[in-house]
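The values are calculated or read from the model by the stated rules, or taken from the named source; none is laboratory data. Just so we're clear, the structure is a prediction, and the values are computed from it rather than from any experiment. The area values use the complete protein model at the heavy-atom level, side chains included, leaving out ligands, DNA and RNA. Shrake-Rupley method; radii C 1.70, N 1.55, O 1.52, S 1.80 Å.
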Amino acid sequence: MRIPAALPALVPALVLALACGPARLSRREAESDIRKDYPVQVTVTVPESASAIKGSPEHARLVAIQEAVAGPGLFTVARTPEGDRERFAFKPGPSAPRELRTGPKGFELPAAEADFDRALRIEYRGGEARVTYQIRLVRPTRHFGLFQVLHPGVRAGETKERHAAYRKDGRSWILQGTDETLRKGQ
């Protein structure tokens, strides 16, 4: 039996392919990696102090926040005119919830949680992969109404796309990070 001349040339390529592990990231592996970071807490931020031009969309947003938090006594709000602008100062009120946290941009209230739903697609580029996945808004809290004031049209159960970056390292695909801006619930 005669060995074709091309076969010895293919042996190194075959050995290299087997040594490098799977060429593709499996959807199952990606979902398993990403799912570990969920659920995350969706928060609504009430600024400690903010200023906006009267009549602007930002001013309307601050008025909507005031109406949503001052009525139930969660916050006291002081409005101060500054020429064509108006400054809003929010302070926790007598009925401030105990889950209120001070954040870098103001006061944060938990509005809901976001759970991992599923991976939608995987795109490859050399030794890197980008996974597009969905999260689902679940378990709304009593502050979800304020979240809806700031994000009109959002509903519990709604999905949103996020992305994860992977790089190939030898035989494995390593999760580099996601574009998720929320953090794991406490």
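Tilt of helix 57-70 relative to the longest C-alpha principal axis of the chain, in degrees (0 to 90, nearest 10)?
70 degrees
Given K54/K160; K54/K105; K105/K160, which pairs have Cα atoms separated by over 28 Å? Display every interim value, and only then the final one.
Numbers: K54/K160 33 Å; K54/K105 21 Å; K105/K160 23 Å.
Listed pairs above 28 Å: K54/K160.
Using a 1.4 Å probe on the protein heavy atoms, what percent of the accessible area of the chain belongs to carbon and sulfur? Don't skip to the answer; put the middle values down first.
Numbers: 6180 of 11390 Å².
It is 54 percent, rounded to a whole number.
Say we join alpha carbon atoms closer than 10 Å with springs in a Gaussian network model of the chain; which of R139, R28, R118 then has the biggest fluctuation?
Judging by the Gaussian network model, the answer is R28.
Per residue, how much accessible surface does the chain expose to a 1.4 Å probe? Answer in Å², no decimals.
Details: 11390 Å² over 186 residues.
Averaged over the residues of the chain, the accessible area is 61 Å².
Please report the equivalent ellipsoid semi-axes of the range 77-171, computed as sqrt(5 x eigenvalue) of the Cα gyration tensor, largest first, in whole Å. Intermediate results must be reported in sequence, preceding the final value.
Details: eigenvalues 293, 64, 39 Å².
Output for the range 77-171: semi-axes of 38, 18, 14 Å.
Sort the range 103-151 into rounded, prolate or oblate with this rule: let a ≥ b ≥ c be the square roots of the eigenvalues of the Cα gyration tensor; rounded if a/c is under 1.5, and if a/c is not under 1.5, prolate when a/b is larger than b/c, oblate otherwise. Spell out each step's value before the answer.
On the way: a/c = 3.79, a/b = 2.19, b/c = 1.73.
Cα axes put the range 103-151 in the prolate bin.
Students often get this wrong, so try it: which of (i) 65, 35, 24; (ii) 94, 34, 26; (iii) 49, 42, 27 is Cα extents along the principal axes in Å as calculated from the structure shown?
Computing Cα extents along the principal axes in Å and matching it to (i) 65, 35, 24; (ii) 94, 34, 26; (iii) 49, 42, 27 gives (ii).
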